[in-house]
């Protein structure tokens, strides 16, 4: 087990949450002797996401960006951002679920990739859409070719894959599905038939 130290709440008794982050970093660096299993979490003053993104290993959650002059708050704050590590690739849009409740346009696109010349269902994605995007997708996808209940579950509209969507996600599951998928946008420069499962070599920060 390794214990990583990344901030300072108290030092020899007194509360140290009010000084800015730069001061706390300086204090915590001098306060302890860092040898195994104790380590100081390194930080960068600029370009952290770009510099570290290519070196992030699978299984890590992401990076944390903090204001250098911010105090240590015991709650979520605009002074602290999480940069998640995600994989991404294109998927063919083979259908969509119908909207429910206050949802407009469509519920969630049904996505897949081609394997052996056949479109294999992979996941349905319900996050990453605004109202305008949902309506635009419904218009571009057109009306349903047939209705029913697919392996994705729920009422859905199915048809030939005509669109390609770029999807970000954390990992592939053992049964070939996606974990935590979200929708960044469409790809107009790639044909659905060219979409196959990619074998990622690493992760990037997004």
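What the table below lists for this structure:
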| read-out | value |
| --- | --- |
| Some residue of the stretch 59-75 being at pLDDT 80 or above, more than 26 Å from the chain's Cα centre (by Cα) and assigned to a strand (DSSP E or B) | no |
| Subset of the stretch 70-116 [touching a residue at least 60 places away in the same chain (Cβ under 8 Å) and either loosely packed, with under 15 Cβ neighbours inside 10 Å or closer than 25 Å to residue 8 by Cα (or both)] | 72, 83, 84, 115 |
| Scope the stretch 166-206; condition part of a helix (DSSP H, G or I) and either surrounded by 12 or more Cβ atoms within 10 Å (Cβ to Cβ) or at pLDDT below 85 (or both); matching residues | 192, 193 |
| Test for residue 163: is it surrounded by 12 or more Cβ atoms within 10 Å (Cβ to Cβ), modelled with pLDDT of 85 or more and outside any loop (DSSP other than H, G, I, E, B) | yes |
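The values are calculated or read from the model by the stated rules, or taken from the named source; none is laboratory data. This one's a predicted model, so the numbers in the text were calculated from it and none came from an experiment. Note that we place each Cβ from the backbone using ideal geometry, even for glycine, and neighbour counts take in every protein chain shown.
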